[in-house]
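Remarks on the structure that follows.
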Amino acid sequence: MAMRAERFDEEAPEIFIPARPVPPKEAPGIGAAVFRPQLLANLIASYPEFWYSARSCPFRVGIARGGRGMLVNDPDAIRRILVSDAEHFPKDDNQLAILKPLLGNGLLTAEGATWRRNRKLAAPIFQHSSVRDFAPLFVRAAERSARRALEQQGFFPLDREMTKLTLEIIGETVLSANLEDDIDGISHTVTSVLDKFPAMFLASAFLPGQLRNRVIDTVVRPGRRALDVFARRIIDEARKSGEETTLLQRLMVSQSKAGHEMTLDQVRDEVATFLLAGHETTATTMSWVWYLLTVHPEWQERLYEEVWAVTEGRRLTIDDVPALVETRAVIEEALRLYPPVANLMRRAIKTTELTPDITIERGQTVLISPWLLHRHRFFWREPDRFDPTRFLGEEAATRPRHLYIPFGGGPRICIGASFALLEAVLILATFMQRARVKVINADQVMPQARIVLRPNVALQAVVTPRRPGG
Ligand code: HEM
């Protein structure tokens, strides 16, 4: 298959390099952001070549609020920012200004005492031992999804099927809701909000605080209203059921037991947060997995053999997961090459020397980009190549912890990381047991960063059944 991305590796043209934008030689200046706003439509495409080998680099972030930023691209410095000195690096106002109008004070965007209380309440449901209990539900949902995919005649939008699947799962496990009838509405809302990201980014970089908030609010309002409707319906369903099994029910009940009964608005914010953060990222991860397994079909065969050797065709269970090492490695490699959260932003509230070479001044915006870090020229061998074996054995064991951060790190690390990894492993293994997957428009795919790093086109795929043993 002729791939657009192949051109990028001029020294070894026989090696296939999965899609990535060709980086510009220089960072686009402020003028470029104003006069060529299309650059903002895909932030990662504006990152200059030398950022892929830099450990840090100052840059301008618009003109509002000082406009001074620092890219930090070094695992030790990142550990300080996210983990040991996290209290000096809260989330960046500009990023919050984009997310808050949609998610309010949910776990992703809350700060201070509200965040601490809600994180503590939600943590038990997402710890590794609790997430194991969801495995049978993940498997059954994945089996239904594989069945739907196999029933399709010809090609069909596989990314839409992944959205449906991950929404079904988040509905059943976390929100006590059957979201089957809302898939199109939620999907449309998410896409329309993500498409407005360039406008929101421009406003956040160039407008003073109040005006910025007003503009972003206007841009996001239709999405927020749509999300409100879904959230209120979900809350009504959870209240009616009267059980205490899902996150939403536990949040409502434990809050009221602790004497802090949540207002409807607070519950709505948590529902909106888990609805969005809990499905879009995993659905996107699976889309990248299908893209990578299309351009590397040899890995599909390896995974089939692994799953078959472990299960011999029977239904997957949680006890199979430790043996699915290559399946997990493929997911980890997809999250390295295409981290759905490609940029993390923080703000320094104190001048801090992170390493002898990297000092962040008070007031500076800090950009940590998993996209850049995961492709760093000095820290990874053949950084742009798809090679899941880098997540196996010695190579994985000796890697600095904060060189690979698809889920962030420190106190604000993704609460759903174990959930998402288990979900993705069981979805992939279930599909591999039954089917071959081929994305037929893989040669048109490019990563596009709009809050979430998605393929720029809908993935059209053909899914064909496997016969037992082949
Ligand atoms: C592959 C899938 C996923 C990826 C790559 C991902 C990535 C991330 C990242 C990078 C952060 C940290 C953001 C920051 O520090 O600024 C985060 C936070 C968060 N994620 Fe995920 N996530 C995924 C799946 C999930 C799932 C399945 C859920 C829920 C079921 C979830 C819920 C959240 C929440 C609530 C936060 C905020 C946590 C806090 O600040 O305390 N995520 N996620």
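Accessible surface for Thr464 stands near 60 Å², nearest 10, in the context of the full protein assembly shown (1.4 Å probe).
Scanning residues 5 or more positions from Thr359 or on other chains, those with amide H under 5 Å from its amide H are Leu354, with H placed 1.01 Å from N in the peptide plane. Each Lys and Arg contributes +1 and each Asp and Glu -1, all at the Cβ; summed about the Cα centre of the chain, the dipole is approximately 1220 debye. Accessible surface for the stretch 4-465, divided over its residues, is 42 Å² per residue with a 1.4 Å probe.
Here is how the number arises for the chain: DSSP H runs of 4 or more residues each give -39500 (n - 2.57), the sum is divided by the residue count, and the result at 222 nm is -15000 deg cm²/dmol. Taking 7 Å along the Cα-to-C-beta vector as the label spot, tell me the Asp184-Arg119 distance in nanometres, rounded to one decimal. Distance between the two pseudo-spin positions: 4.0 nm. When each of the peptides 411-421, 428-438 is scored by how many other beta carbons lie within 10 Å of its residues on average, the order from highest to lowest is 428-438, 411-421.
Note that the stretch 131-148 has calculated 3J(HN,Hα) couplings of 4, 3, 5, 7, 3, x, 5, 4, 5, 5, 5, 5, 5, 4, 5, 4, 4, 4 Hz, one per residue in order, obtained from phi through the Karplus relation 6.51 cos²θ - 1.76 cosθ + 1.60 (θ = phi - 60°); glycine and proline are x.
Based on C-alpha pairs under 8 angstrom that are at least 6 apart in sequence, the stretch 176-253 has a relative contact order of 39 percent.
Under the 0.36 nm per residue contour assumption, what length would be gained going from the current alpha-carbon distance of Arg377 and Asp236 to full extension? Intermediate values should be presented prior to the final figure.
Numbers: separation 141, 0.36 × 141 = 50.76 nm, distance 5.09 nm.
Full extension from Arg377 to Asp236 adds 45.7 nm.
In nm, what is the difference between 0.36 nm times the number of residues separating Ala323 and Val253 and their Cα-Cα distance? Display every interim value, and only then the final one.
Details: separation 70, 0.36 × 70 = 25.20 nm, distance 3.79 nm.
That pair, Ala323 and Val253, stretches by 21.4 nm at full extension.
Using θ = phi - 60° in the Karplus curve 6.51 cos²θ - 1.76 cosθ + 1.60, the 3J(HN,Hα) couplings for the stretch 195-202 round to 5, 8, 3, x, 5, 5, 5, 4 Hz; x is entered for Gly and Pro.
For Gly106, no residue has an amide H sitting under 5 Å from its own, ignoring neighbours fewer than 5 places away on the same chain, with H placed 1.01 Å from N. Relative contact order (percent) for the chain, with alpha-carbon contacts under 8 angstrom and 6 or more residues of separation? It rounds to 27 percent for the chain. Once both labels are positioned 7 Å from their Cα atoms along Cα-to-Cβ, the gap between Met446 and Asp76 label points is 3.8 nm. Note on Leu137 and Thr355: the extension gain reaches 73.9 nm, defined as 0.36 nm multiplied by sequence separation minus the Cα-Cα distance. In this structure the amide hydrogen of Arg68, modeled in the peptide plane, comes within under 5 Å of the amide hydrogens of Val61, Thr365, none closer than 5 places in sequence on its chain. Heavy-atom surface analysis with a 1.4 Å probe gives the chain a carbon and sulfur content of 54 percent of its accessible area. Bridges between two residues of the chain, per DSSP, are antiparallel at a rate of about 90%.
Taking the chain, how many lysine pairs are there with alpha carbons less than 17 Å apart, if each pair must be eight or more places apart or span two chains?
Eligible lysine pairs with Cα atoms under 17 Å apart amount to 4.
3J(HN,Hα) couplings calculated from phi for the stretch 392-407 with the Karplus curve 6.51 cos²θ - 1.76 cosθ + 1.60 (θ = phi - 60°) are, in sequence order, 10, x, 4, 4, 6, 5, 9, 6, x, 4, 9, 8, 10, 9, x, 9 Hz; Gly and Pro show x.
If r is the Cβ-Cβ distance from Ser53 to Arg160 and R0 is 35 Å, what FRET efficiency results, to the nearest 0.05?
Working: r = 38 Å, r/R0 = 1.08.
FRET efficiency, Ser53 to Arg160: 0.40.
The values are calculated or read from the model by the stated rules, or taken from the named source; none is laboratory data. Because the structure is predicted, anything quoted here is derived from the model rather than measured. Every residue, glycine among them, receives a Cβ derived from its backbone with ideal geometry; neighbour counts consider all protein chains shown. Side chains included, ligands, DNA and RNA excluded: accessible areas come from the protein's heavy atoms. Shrake-Rupley method; radii C 1.70, N 1.55, O 1.52, S 1.80 Å.
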